[in-house]
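Report on the following structure.
The values are calculated or read from the model by the stated rules, or taken from the named source; none is laboratory data. This structure is a prediction, so every number in the text was calculated from the model and none was measured. Ideal geometry is used to build each Cβ from the backbone, glycine not excepted, and the neighbour counts take in all protein chains shown.
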Amino acid sequence: MSIAPERGQLAFQKSERALLKLASGLDAESVHSFRTTSRRLQTLLERIIPKRDRNQKKLLKILDRIRKRAGRVRDLDVQLAALRSLKAPQEPRRKTQLMQSLIELRAKHEKRLRKLLNKHTIVDIQKRLRRASKQVRLDPAHDPLTIAKGMLAHVTRPAGPVTEDVLHQYRIVVKRARYAAEFAPKSAEAVQFMAQLKQLQDALGNWHDWLTLTQTAAKRLGDINQSSLVAALHNVTGGKFRRAVAALSALPAIQTRAVEARTIPTAPKAVPAVSEQSRSLGTKRPTLMARTETAA
């Protein structure tokens, strides 16, 4: 199955529109749209097209710098959305404080992102996008579906239960594999494959959003023994983890052995903070899941 030429050209057009929309306003929708469209274009130029010229390489480098800066804003947007959706009575004042600190941090990263979006850079990217769209050469021998399935097959997974590290790997690869598959001509196979990946992508993304929020809250409010709000977030994240593992095991597109969810203990009820005397005796508090990863 060859590449659909019109979809390749559309990737350049959508990237330009998303860039202009981002430059005109850094709302959550604009930031998210730019990141997804630029990532699709990256997938086209790095995975689908066999060779890249100097202009295409430079274009990817500029877009990557903006996307990484936009990613920090996006991370805060999803944390804010998750925190707003949390229906828990625990520590309403602390929840408000955490919300305010996230808003302030977003404003800080938004300011940094805005500095990258100067007029000179926007015009330069537009020129490079239009030049690249004219120069791109699609190889009919490259099958996007085969490429996408190959990306999934290369995920390394150690024997045993699924871990957070494994989910992090799939979260990134599934997203990019779906973008690669989108360049295939429409067919029943392509539609079904992308629907499966979208379902898994949503489950993995939802888990990661809550994990990031939980880690942010723990950093600012303390661990589960110091904050009942953090304990509640920890419990929600554990549930999201189990659903993500279930979605992974149910995906026919990923031909792997049956997966087993790693048991995540339910967070205990919050207890008073450890006293200074206990600290001096070397008392340790349990810690939260301690791994996070920069947004792709």
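Using the structure shown, decide if Thr266 is at pLDDT 95 or above and either among the polar types (S, T, N, Q) or outside the structural domain of Gly160 (by TED's automatic domain parsing) (or both). The answer is no for Thr266. Residues that are part of a helix (DSSP H, G or I) and of a type outside the set (A, V, I, L, M, F, W, C) within segment 127-155 comprise Lys127, Arg128, Arg130, Arg131, Ser133, Lys134, Gln135, Pro144, Thr146, Lys149, Gly150, listed in sequence order. Can you spot a residue in segment 32-52 that is in contact (Cβ under 8 Å) with a residue 24 or more places away in the chain and acidic (Asp, Glu)? No; the residues of segment 32-52 include none that is in contact (Cβ under 8 Å) with a residue 24 or more places away in the chain and acidic (Asp, Glu).
Against the test of being assigned to a loop (DSSP other than H, G, I, E, B), over 23 Å from Lys175 (Cα atoms) and small (Gly, Ala, Ser), the options Ala107, Ala23, Ala88 yield a single qualifying residue, Ala88. The residue that is surrounded by the fewest Cβ atoms within 10 Å (Cβ to Cβ), counting only those in segment 87-101 that are touching a helix residue (DSSP H, G or I) at 6+ places or on another chain (Cβ under 9 Å) and basic (Lys, Arg), is Arg94. When Ile48 is tested against (1) at pLDDT below 95; (2) hydrophobic (A, V, I, L, M, F, W, C); (3) exposed (fewer than 15 other Cβ atoms within 10 Å of the Cβ), exactly one condition is not met: (3). Just one of (1) under 22 Å from Ser227 (Cα atoms); (2) in contact with a Lys or Arg (Cβ under 8 Å, 6 or more places away or on another chain); (3) loosely packed, with under 14 Cβ neighbours inside 10 Å fails for Arg84. It is (2). Taken together, Arg67, Arg7, Arg17 contain a single residue that is of a type outside the set (Asp, Glu), buried (at least 20 other Cβ atoms within 10 Å of the Cβ) and over 30 Å from Ser227 (Cβ atoms), which is Arg67. State whether the residues of segment 156-165 include one that is in a helix (DSSP H, G or I), surrounded by 14 or more Cβ atoms within 10 Å (Cβ to Cβ) and assigned by TED's automatic domain parsing to the domain that holds Glu29. For segment 156-165, residues in a helix (DSSP H, G or I), surrounded by 14 or more Cβ atoms within 10 Å (Cβ to Cβ) and assigned by TED's automatic domain parsing to the domain that holds Glu29: absent.
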